[in-house]
1. Within segment 30-43, is even one residue over 30 Å from the mean Cα position of the chain (by Cα), buried (at least 18 other Cβ atoms within 10 Å of the Cβ) and in a loop (DSSP other than H, G, I, E, B)?
2. Tell me the residue from 550, 539, 544, 554 that is closer than 22 Å to residue 320 by Cα and outside any helix (DSSP H, G or I), please.
3. Would you check if there is a residue in segment 298-311 being within 23 Å of residue 109 (Cα to Cα), assigned to a helix (DSSP H, G or I) and within 19 Å of the chain's Cα centre (by Cα)?
4. If you take the residues in segment 103-120 that are assigned to a loop (DSSP other than H, G, I, E, B) and touching a helix residue (DSSP H, G or I) at 6+ places or on another chain (Cβ under 8 Å), which one is nearest to residue 42 (Cα to Cα)?
5. For segment 310-320, which positions are touching a residue at least 60 places away in the same chain (Cβ under 8 Å) and surrounded by fewer than 12 Cβ atoms within 10 Å (Cβ to Cβ)?
6. Residues of segment 498-523 being within 18 Å of residue 256 (Cα to Cα) and touching a residue at least 24 places away in the same chain (Cβ under 8 Å), which ones?
7. For segment 54-84: of the residues being free of Cβ contacts under 8 Å to residues at least 24 places away in the same chain and assigned to a loop (DSSP other than H, G, I, E, B), which is farthest from residue 122 (Cα to Cα)?
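The values are calculated or read from the model by the stated rules, or taken from the named source; none is laboratory data. These numbers were taken from a predicted model, which means no experiment stands behind them. Cβ atoms come from the backbone with ideal geometry, glycine included; neighbour counts cover every protein chain shown.
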């Protein structure tokens, strides 16, 4: 399966328009060769056109130099095209190969693909070369015949030109010069830059209006905070779907971003509990945790590989033998590839598809909690002094801390060599929903105050942060406590900062409470502790590899050098933590003060 970046410009032309001298285009020295191809492509989509609406095209093309199954994704510069052979594994005349199908799984979610249009094209191609003889672009004179298979679809014919850059042959500056020059030459000959982004869009034309629309997110009153809740969930769900094909293609930072979206979504679901609820809702949190942990292993391997690759090429690596460097880098690369393959297997699993469908169902038919017993909680976030003395909050924090420690233990103890099914089963068992205390039925049903629920979650997240910071700070210099345990305290503190950041974001999006300063402060603390944790993760991986090398009788000197560097760096990272935490406390105190004033003002009204 191949892929490339398609950078092209389309032009509308009449049947009588003459092709100009293509050598007049900047950087084009001569026409290398010309060809004529008879192309026929059938385009596929779901009944409700999920791919087309996302500006993604799936086609089965015969004829020409690139016959096969193609998917095109939108991009900032051009379109990314993924290709697979016509006879790829699992392919039929109406179903793409299994590997290619994975790239759109997040969008179609198991729905049937049907033909929506056919595009036949007599293509006259000219390959344009520079003075060195390298082909730098292709000019296509296309004579197109189409039919839309949608209700109300018609047959159409037209002529168009395409000017497409050869893949990866030019620098960014040269690309701009070439495209601008081509546009000038071709429009001077009577062409117009096309308003249609693709032949498929032109073929479908007005018939797209007759196709059913995908289920839409529930429309709530614009003043209802629950509307902001759904919007936040929808944004995260969209980001997961957006990064799915990028993760499969192993694009830079894609695993990281999909993991962030997954964890943020899970945190939002926890924050919104009380506004939304039910068994299916709780199960979503569980499934997101499974996915986040699988992505997390790949991300950790990616971080370690990147850190140590950079470190080895600095003066720190000068005393390490070249053979040892090569061996270490190959091992790190192989480790990441194994974890990335594991991620792709998870994304191809029906369990992942079910998760995406459950998210869509939640947005379409949200499990809103409309009646609960009137809460006795205060109406505004509490100060650190007040929250630390609240027995109920403390009890809740004990339970949360225990749950977090179980989750972390699971993430650290997972073996890279263990069967995938065993990993998932263990995670399932670990995250089974716990029992909840029964709630008495209220005498008079009252509508949920969504804003109050969100503020209570924000308060809870802050309580947890304060408690974990106190523990991390007080135990850091206590040498009777194992080093790994003291380091783990700061890792837990980072997770609490992330939780508070997500909660602040959720409150800010769903209510009129201003949380930007708190969000920014939490991001700063999270960044400081994130750098620290990356160094610790890298150091621990080096220790593991050194132990393996020692058992195999190999020299471990290189591992020791790198280990000590990461150990020193981790300590340096903590120097900025105290100021970062104070910024969070200052921002939270200001938010609590402002919210309390607003609450009193509303009461007077």
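1. no
2. Numbers: 550 fails: outside any helix (DSSP H, G or I); 539 fails: outside any helix (DSSP H, G or I); 544 fails: outside any helix (DSSP H, G or I).
Exactly one residue qualifies, and that residue is 554.
3. Narrowing segment 298-311 to residues within 23 Å of residue 109 (Cα to Cα): none.
No; the residues of segment 298-311 include none that is within 23 Å of residue 109 (Cα to Cα), assigned to a helix (DSSP H, G or I) and within 19 Å of the chain's Cα centre (by Cα).
4. Ranking the candidates gives 111 first.
5. Within segment 310-320, just 319 meets the criteria.
6. At the first step, the residues of segment 498-523 found to be within 18 Å of residue 256 (Cα to Cα) are 498-499, 501-502, 523.
Once the filter is applied, which keeps residues that are within 18 Å of residue 256 (Cα to Cα) and touching a residue at least 24 places away in the same chain (Cβ under 8 Å), segment 498-523 yields 498, 499, 501, 502.
7. Filtering first and then ranking leaves 76.
Every residue, every condition in (1) assigned by TED's automatic domain parsing to the domain that holds residue 199; (2) more than 30 Å from residue 29 (Cα to Cα); (3) modelled with pLDDT under 95, yes or no:
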site	(1), (2), (3)
65	yes, no, yes
87	yes, yes, yes
90	yes, yes, yes
117	yes, yes, no
